[in-house]
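Peer 1: Mind having a look at this structure? Questions to follow.
The values are calculated or read from the model by the stated rules, or taken from the named source; none is laboratory data. Source: prediction; values computed, not measured. Because the Cβ atoms are built from the backbone with ideal geometry, glycine has one as well, and the counts that use them run over all protein chains shown.
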Amino acid sequence: SEVGPNRIGTVFAGQDTEATERAREHCSQVPPSSPSMALFQGGELVWFLPRHMIEGRDPQTIALDIVNAFEEHCAPSSA
């Protein structure tokens, strides 16, 4: 069965300073990184994909990292 997060949000650094600061507060244990992707469980950061793990890698490899994170940290969807 498919898995994924219950909620999704995006923040674009440089476009919305307030939203960027708030997002970075939730990721305070990792250095700021743009672009990046974070996964939270129970309000806690459980997985983070920083810029250096995105740059220079092909989309399929990055997608596999994301799928693996969803499978590890997300409950199966009911859809």
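Peer 1: From the set of residues in the stretch 45-79 that are assigned to a loop (DSSP other than H, G, I, E, B) and over 21 Å from GLN15 (Cβ atoms), which is nearest to the chain's Cα centre (by Cα)?
Peer 2: Taking the candidates together, the pick is CYS74.
Peer 1: Quick one: in the stretch 32-73, which of the residues that are on the phi < 0 side of the Ramachandran plot and among the small types (Gly, Ala, Ser) is surrounded by the fewest Cβ atoms within 10 Å (Cβ to Cβ)?
Peer 2: Taking the candidates together, the pick is ALA63.
Peer 1: Output yes when any residue across the stretch 32-44 is within 26 Å of PRO76 (Cβ to Cβ), in a loop (DSSP other than H, G, I, E, B) and modelled with pLDDT under 90, and no when none is.
Peer 2: Looking for residues that are within 26 Å of PRO76 (Cβ to Cβ), in a loop (DSSP other than H, G, I, E, B) and modelled with pLDDT under 90, one finds at least one in the stretch 32-44, hence yes.
Peer 1: Within the bounds of the stretch 17-31, is there any residue that is closer than 16 Å to ASN68 by Cα, among the charged types (D, E, K, R) and surrounded by fewer than 16 Cβ atoms within 10 Å (Cβ to Cβ)?
Peer 2: no
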